[in-house]
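Below is one structure, written out as structure tokens; comments come after it.
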Amino acid sequence: MTGARKGTAVVLGASIAGLFVAHVLARVHTRVVLVDRDEVVGTDTARRGVPQGHHVHGLLANGQLMAEDLMPGLKHDLLENGVPMGDLGGQLRWYFNGRRLAPVRTGLVVIGGDRAILEHHVRRRVVELPNTEFRQGTDIVSLVHDDAAARVTGVRVQPRAGGPEEVVDADLVIDASGRGSRTPVWLDAMGYGRVPEETVRIGLSYTTRRFRLRSNPFGSDVSVNPVATPDHPRGAFLTTLGGDRCAVSLTGVLGDTPPGDLDDFLEFARSLPVPDVYEALRDAEPLNDAATFKFPASVRRRYEAMDRLPAGLLVVGDAACTFNPVYGQGMTMAALQARVLRDHVADGAAPSPREFYRATRRALDPAWSIATGGDLAFPAVEGRRTPLVRFVNGYLDRLRHAAHDDVRLSEAFLRVIGLVDPPEKLLTPRLALRVLRRGAKRDRAHSEPTRIGQGPIP
């Protein structure tokens with residue numbers, strides 16, 4: 001049940017995060033205005049304002065569940081329109097250090113494919129609402145606030161094609177403008193000080209191309225994912241786009257940029273620790289030029305740590321927290337924050353910024369821990385490595401090795417990276433004992449001399 005409808009809400013950015021929160025706000029506000037610099041309505045191709053839009057995106061298992069809760073029927077719509085989806089452990093082929101995790105049916109669905117197509121279907125749900133409107137091709141100039149800077153009362157906008165500035169009054173403003181958000185600068189100018197930030201620099205680059213395949217490398221799977229690790233820092237995501245088409249993103253860290261030239265692209269694929277990707281591509285037909293996206297660092301803006309905050313303004317999505325995209329957490333976190341917002345506006349009352357940020361902090365913590373902990377496993381990545389971080393990374397390395405032929409460990413690990421279970425679930429005594437037992441067997445196998453008849457003893 002929704003609360004009484006009231007006033008206008010303005011959403012800065014028609015991103016996935018902006019669309020999810022706009023759908024939530026339309027239940028409790030008379031009018032919801034989305035402002036974006038791009039022409040977005042009806043668009044199903046990559047747009048300029050989303051530089052990572054040329055690359056494959058997805059909703060992790062928990063993100064799919066939350067998106068379906070926010071927009072009932074979304075999964076069916078995507079499936080009917082050919083958007084790839086598959087079981088997290090049964091149809092996504094995961095490799096770590098050249099070893100495949102044991103395939104296991106989890107019952108958890110991951111939705112993947114073109115970012116622009118996913119965004120198009122989510123946006124269509126918002127466009128169809130009778131009380132939403134899009135201000136396209138429009139720049140966001142600044143916030144508008146009362147004389148005491150205690151409350152944000154709207155935004156100042158200007159058409160990109162030229163024309164006078166205009167103030168759009170609002171009872172609530174949501175900043176979903178992405179990693180380039182200017183809210184930290186605006187708050188500082190309003191007298192609130194700088195927003196504390198955490199940064200972990202990974203220097204990620206990924207290059208994506210689309211191909212028409214000569215043969216089927218997937219079988220019943222929907223993606224092949226050799227994940228970058230400290231021992232093998234090059235990775236890839238090979239994803240079906242339906243029929244004989246696929247997309248391939250090659251990843252490198254710490255300045256190792258996958259090349260766009262076709263021959264060099266294939267050589268990079270050949271350097272991966274497993275042959276699946278290269279063998280799929282070596283006789284495939286390229287369908288487009290390469291697109292490269294560089295992601296310097298994961299950044300988390302700690303709004304919950306601010307001493308004071310103005311009423312009438314909230315920040316969501318990449319504007320609040322940007323994750324290393326290889327973990328695929330961005331869209332899932334956007335859906336999660338929209339769910340939190342729904343709880344905070346359900347009774348029709350104005351949401352408290354402090355309570356909202358405290359709630360989203362609890363929701364974001366597990367994903368942030370997974371992403372930054374994984375990045376800090378690379379020795380050259382700068383960051384604070386507590387004894388706990390070092391222990392967990394060592395433990396996870398052993399767990400993934402053991403999960404090569406242990407379906408229970410494989411499923412437990414996938415439920416965590418799918419953001420269904422919290423990371424501490426991997427440290428339960430029962431699972432830890434399985435990891436230690438299998439690790440001991442591995443250590444013995446490496447230390448014992450080869451028996452007679454099996455080769456020479458070194």
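Here are the numbers for this structure:
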| item | result |
| --- | --- |
| His120 accessible area, assembled protein chains, probe 1.4 Å, Å² | 50 Å² |
| Alpha-carbon centroid distance for the pair segment 303-348 / segment 66-127, whole angstrom | 22 Å |
| Ellipsoid semi-axes in whole angstrom, largest first, where each is sqrt(5λ) of the Cα gyration tensor of segment 117-243 | 41, 24, 13 |
| Under Karplus coefficients 6.51, -1.76 and 1.60, residue-wise ³J(HN,Hα) of segment 61-70 in Hz, glycine/proline x | 3, 6, x, 5, 5, 6, 4, 5, 5, 6 |
| Pairwise FRET efficiency - Lys6 versus Arg408, Cβ, R0 = 30 Å, nearest 0.05 | 0.05 |
| Loop sites in segment 251-349: trypsin sites (Lys or Arg not before Pro), DSSP, at most 13 other Cβ within 10 Å | Arg282, Arg308 |
| Whole-Hz ³J(HN,Hα) from phi, Karplus 6.51 cos²θ - 1.76 cosθ + 1.60, for segment 358-364, glycine and proline x | 5, 5, 5, 4, 4, 6, 7 |
| In segment 166-205, trypsin sites (Lys or Arg not before Pro) in a DSSP loop with at most 11 other beta-carbon atoms within 10 Å | Arg194 |
| Rounded accessible area of Val109 (nearest 10 Å², 1.4 Å probe) | 30 Å² |
| Over the chain, relative contact order from alpha-carbon pairs under 8 Å, at least 6 apart, % | 20 percent |
| Segment 282-395 - percent relative contact order, Cα under 8 Å, separation 6 or more | 23 percent |
| Full-stretch length increase - Glu133, Val389 - with 0.36 nm per residue and alpha-carbon distance subtracted | 87.6 nm |
| For Leu287, residues with placed amide H under 5 Å, excluding near neighbours | Arg210, Phe211, Arg212 |
| Size-normalised alpha-carbon gyration radius of segment 69-145, reference 2.2 N^0.38 Å | 1.60 |
| Value of [θ]222 nm, deg cm²/dmol, for the chain, DSSP H segments ≥ 4, -39500 (n - 2.57) each, nearest 500 | -10000 deg cm²/dmol |
| Zone residues, segment 126-142, relative to Asp169, backbone N less than 17 Å from point 7 Å out along Cα-to-Cβ | none |
| 5 angstrom amide H check on His145, placed H, neighbours 5+ away | Thr153 |
| Solvent-accessible ranking of Glu119, Glu197, Glu424, Glu304, largest area first, probe 1.4 Å | Glu424, Glu197, Glu304, Glu119 |
| Full-stretch length increase - Arg270, Ser215 - with 0.36 nm per residue and alpha-carbon distance subtracted | 18.0 nm |
| Unit Cα scatterers, Debye sum, segment 235-323: log10 I(q)/I(0) for q = 0.16, 0.17, 0.19 Å⁻¹ | -0.74, -0.79, -0.91 |
| Backbone HN-Hα couplings from phi across segment 90-98 [Karplus 6.51/-1.76/1.60, Hz, Gly and Pro as x] | x, 10, 10, 8, 9, 10, 10, 6, x |
| Enclosed volume per residue, in Å³, of the convex hull spanned by Cα atoms of the chain | 166 Å³ |
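The values are calculated or read from the model by the stated rules, or taken from the named source; none is laboratory data. This one's a predicted model, so the numbers in the text were calculated from it and none came from an experiment. Don't worry about glycine lacking a Cβ; one is built from the backbone with ideal geometry, like all the others, and counts go over all protein chains shown. We work out accessible area using only protein heavy atoms, side chains counted, and drop any ligands, DNA or RNA first. Shrake-Rupley method; radii C 1.70, N 1.55, O 1.52, S 1.80 Å.
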